[in-house]
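Worksheet: the structure to be examined is printed underneath.
The values are calculated or read from the model by the stated rules, or taken from the named source; none is laboratory data. Because the structure is a prediction, the values reported are computed rather than measured. Counting neighbours? That spans all protein chains shown, and the Cβs are built from the backbone with ideal geometry, glycine included. Accessible surface is based on the protein model in full, side chains and every heavy atom, while ligands, DNA and RNA are left aside. Shrake-Rupley method; radii C 1.70, N 1.55, O 1.52, S 1.80 Å.
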Amino acid sequence: MCGIVGYTGTDPGLSALDVVLGGLRRLEYRGYDSAGVALQTPDGIVMLKRSGKLARLTEALEAEPLPAAVTGIGHTRWATHGGPTDDNAHPHVGTGGAVAVVHNGIIENFATLKAELQADGVDFASQTDTEVAAHLLAREYATTGDLSSAMCAVARRLEGAFTLLAVHGDVPHTLVAARRNSPLVVGLGEGANFLGSDVAAFIAHTRDAIELGQDQVVTITPHSVSITDFLGAPVQGKPFHVDWDASAAEKGGYPTFMAKEINEQPHAVADTLLGRTDVAGRLTLDELHMDEQVLREIDKIVVIACGTAAYAGQVAKYAIEHWCRIPVEVELAHEFRYRDPVVDQRTLVVAISQSGETMDTIMAVRHARELGARVIAVCNTHGSTIPRESDAALYTHAGPEVAVASTKAFLAQITACYVLGLYLAELRGTKSREQVGEVMAQLQAMPDKIAKVLQGLDQVRRMARWMADTRSVLFLGRHVGYPVAMEGALKLKELAYIHAEGFAAGELKHGPIALIEPGQPVFVIVPPPDEPHSLHGKVVSNIQEINARGARTIVIAEEGDDDVVPYASEVIRIPASPVLLSPLLAVVPLQVFACELASAKGLDVDQPRNLAKSVTVE
Ligand code: M6R
């Protein structure tokens with residue numbers, strides 16, 4: 001969590017404060033408890049920080065303007081150690097106020113270090129773990145007179161997760177940063193360089209970037225970037241080019257990022273399918289760089305992910321098992337890591353993550369690799385930790401997802417997992433090239449169908465508005481509709497702060513049906529009528545059962561499926577599709593419902609309370 005941005009340039013017309021605030025605005029999705037900036041001026045470091053959203057800081061900056069500067073750092077916070085107060089907001093300064101530091105992560109040994117510093121007479125101004133790093137850096141710099149080696153020395157003393165970014169009043173035009181277990185990328189400009197938690201921090205200025213590895217320190221000036229390990233030995237960063245621009249990270253006329261991202265879903269799916277077939281129509285995943293023999297020999301797939309990404313994995317399980325005849329387990333990454341999982345060299349682990357920085361998933365990836373498994377990352381963010389630490393990566397091409405609630409990434413993750421499943425099926429001979437080609441053609445038809453769903457959602461918007469006072473909503477689904485039901489419930493919980501649960505419809509009679517009372521809203525995701533296992537009829541029976549007990553049934557069903565009509569209070573129509581692909585359609589009305597209901601309640605849809613976009617702590 002937390003967003004970090006740093007800038008140093010030579011153009012006196014480009015204010016460091018403007019660059020840093022622009023970066024913070026794009027990173028605010030990472031955390032929004034407090035924000036602060038520090039600038040390097042001829043008179044030393046000047047700083048301003050405020051609790052609350054970035055807007056409070058910008059108001060304060062108007063009231064108390066800072067002097068002009070061409071080098072500066074900024075931070076937007078998701079509080080861990082110490083509540084969201086002005087004092088705990090970053091930057092933090094070391095003794096004497098010459099060095100300012102911002103931090104993302106958790107310094108696990110901060111209590112020991114703090115006691116050591118206090119014993120040396122250091123006074124602390126905050127309750128944060130970060131302030132320890134600021135004081136240590138001030139002390140090391142006073143000894144060595146070299147900011148980069150001082151940062152290396154500090155990094156060697158810290159345990160846990162950290163990206164630290166520092167600016168010193170005595171070292172002009174220079175920023176130094178260190179990273180371990182938290183994200184940091186370098187942006188390369190002309191006579192200017194940047195640092196950011198992700199490329200959104202500097203996308204308005206450059207699309208050329210360098211990813212940093214684990215345990216590295218980077219020093220930037222306007223004309224140089226030098227990277228070392230924590231011992232000071234030079235290392236090479238990995239350059240990359242960002243394939244989207246600043247406009248993709250703006251709202252583009254939509255009231256919220258979430259609304260924009262929901263509407264981008266046809267593109268997210270189409271772009272994730274792009275370039276996956278060769279001229280002969282064969283599915284190719286060149287980017288995987290994984291030995292085909294290894295993939296032929298795997299005997300189990302374990303999907304690890306959290307939140308929405310885990311629900312994408314649960315959807316993919318149905319498809320991959322069906323196509324590949326390999327058992328697929330889906331496990332929450334934080335549970336996988338700590339339960340002694342049965343994983344070996346013949347296990348393929350698929351780590352799904354939009355951000356590529358979810359700490360629970362990173363730790364699970366590391367654990368899986370220690371156990372000998374091969375790991376494929378399904379990820380939306382180039383330069384992030386999870387693909388870098390995996391054996392191979394399959395990128396989703398959803399574009400930047402800014403709203404905290406994940407939408408287009410979910411559809412892109414399902415799509416990428418399906419492509420992977422089909423590739424494995426062909427490779428292992430469980431599906432012929434023709435059969436794989438048929439499913440690919442069905443997938444390629446999905447963007448138009450998603451666009452059609454998006455065009456017909458006025459009814460959902462109206463419903464959401466009159467249901468703004470609802471206190472509880474249930475979601476039922478079966479087969480691939482079950483994870484869709486859970487995803488619908490998650491969206492409503494996180495955005496509208498309403499109690500919501502997703503159930504497997506078949507489980508209803510084993511307990512949850514007791515929750516049904518007159519007027520209880522229940523969304524039901526109905527499988528296509530022609531799916532092969534007669535699930536459709538069983539779900540229609542479930543609707544009858546809850547309808548008979550007074551539930552308000554809101555049914556998502558295929559166009560032309562009239563069996564549901566007698567028992568439905570509302571029917572939301574989606575185009576016909578094969579059952580395995582239907583989640584790409586059925587989830588869309590649920591996303592829109594949650595977004596609209598939260599808006600109707602006057603809530604902040606893009607930045608719901610207590611949350612952050614990337615959960616970079618365990
Ligand atoms: O970046 P990731 O995909 O790893 O994030 C995983 C979850 O934290 C994320 O999907 C979260 O559940 C969303 N806020 C849900 O909308």
| field | With Cα atoms, 0 to 90° folded angle of helix 130-144 axis to the chain main axis | value | 40 degrees
| request: Choose one of Gln442, Val419, Ala398: the residue whose Cα lies farthest towards the positive end of the charge dipole of the stretch 251-444 (beta-carbon charges +1 Lys, Arg; -1 Asp, Glu; about the Cα centre). | output: Gln442
| task | Filter the trypsin sites (Lys or Arg not before Pro) in the stretch 470-560 to those in DSSP coil with at most 10 other Cβ atoms within 10 Å of their Cβ, and list the result. | result | Arg471
| query | When we measure straight from the Cα of Lys538, which lysines land under 20 angstrom away, once same-chain ones fewer than 8 places off are left out? | reply | Lys509
| field | Partners for Lys238 among aspartates and glutamates (Cα-Cα distance below 18 Å; same-chain residues under 8 apart left out) | value | Asp198, Asp208, Glu211, Asp215, Asp229, Glu287, Glu357, Glu389, Asp391
| Anchor Lys491: lysines whose Cα lies under 19 Å away (excluding residues fewer than 8 positions away in-chain) | Lys260, Lys408, Lys601, Lys613
| said: With +1 assigned to the C-beta of every Lys and Arg and -1 to the C-beta of every Asp and Glu, and no other charges, what is the dipole magnitude of the stretch 450-553 about the Cα centre in debye, to the nearest 20? | reply: 240 debye
| Positive-end extreme of charge dipole, the chain - chosen from Ala270, Ala586, His289 (charges on Cβ) | Ala586
| task | Determine by what factor the alpha-carbon radius of gyration of the stretch 93-178 differs from 2.2 N^0.38 Å, reporting the quotient. | result | 0.97
| said: Can you compute the charge dipole magnitude of the stretch 3-249 about its Cα centre, using +1 on each Lys and Arg Cβ and -1 on each Asp and Glu Cβ, nothing else charged? Give it in debye, rounded to the nearest 20. | reply: 320 debye
| query | By how many degrees, between 0 and 90 and to the nearest 10, does the Cα long axis of helix 359-370 differ from the longest principal axis of the chain? | reply | 80 degrees
| message | Among Gly72, Ala115, Ser534, whose Cα projects farthest towards the positive end of the dipole of the chain, with charges put on the beta-carbon of Lys, Arg (+1) and Asp, Glu (-1)? | response | Ser534
| said: Give me the extension gain from Met290 to His223: residue separation times 0.36 nm, minus the current Cα-Cα distance, reported in nm with one decimal. | reply: 20.4 nm
| field | Part-to-part distance (alpha-carbon centres) for the stretch 125-172 and the stretch 250-310, which is given in Å | value | 39 Å
| task | Calculate for the chain the 222 nm mean residue ellipticity that helices alone would give, adding -39,500 (n - 2.57) per DSSP H run of length 4 or more and normalising by residue count, nearest 500 deg cm²/dmol. | result | -11000 deg cm²/dmol
| query | Quick one: how many Å² of Met290 are accessible to a 1.4 Å probe, rounded to 10? | reply | 30 Å²
| So how strong a dipole does the stretch 251-444 carry about its Cα centre when Lys and Arg Cβ are +1 and Asp and Glu Cβ are -1, to the nearest 20 debye? | 180 debye
| request: Return a whole-number percent for the relative contact order of the chain, with Cα pairs under 8 Å and 6 or more residues apart as the contact set. | output: 12 percent
| query | What angle do you read, to the nearest 10 degrees and between 0 and 90, between the alpha-carbon axis of helix 446-455 and the longest principal axis of the chain? | reply | 90 degrees
| task | State the Cα centre-to-centre distance between the stretch 345-396 and the stretch 558-580 in whole Å. | result | 37 Å
| request: Can you tell me the FRET efficiency between Val565 and Lys538 if r is taken as the Cβ-Cβ distance and R0 is 22 Å, rounded to the nearest 0.05? | output: 0.80
| remark: For the chain the translational diffusion coefficient, Stokes-Einstein from a Kirkwood Rh over Cα pairs at 37 °C and viscosity 0.692 mPa s, in µm²/s, is roughly 129 µm²/s
| Relative contact order computed over the stretch 3-249 (Cα-Cα under 8 Å; 6+ residues apart), in percent | 20 percent
| Local net charge near Gln520, Cβ-Cβ under 12 Å (Lys/Arg +1, Asp/Glu -1) | +1
| task | Quick one: grab the alpha carbon gyration tensor of the stretch 251-444, order the square roots of its eigenvalues as a ≥ b ≥ c, and give me rounded if a/c is under 1.5, else prolate or oblate depending on whether a/b is larger than b/c. | result | oblate
| message | If you average 1/r across every pair of different Cα atoms in the stretch 383-540 and take the reciprocal, what Kirkwood value do you get, in Å? | response | 18.5 Å
| remark: Shape call for the stretch 1-146, from the Cα gyration tensor axes a ≥ b ≥ c (a/c under 1.5 means rounded, otherwise prolate when a/b beats b/c, else oblate), comes out oblate
| message | How many angstrom lie between the Cα centre of the stretch 420-451 and the Cα centre of the stretch 491-548? | response | 29 Å
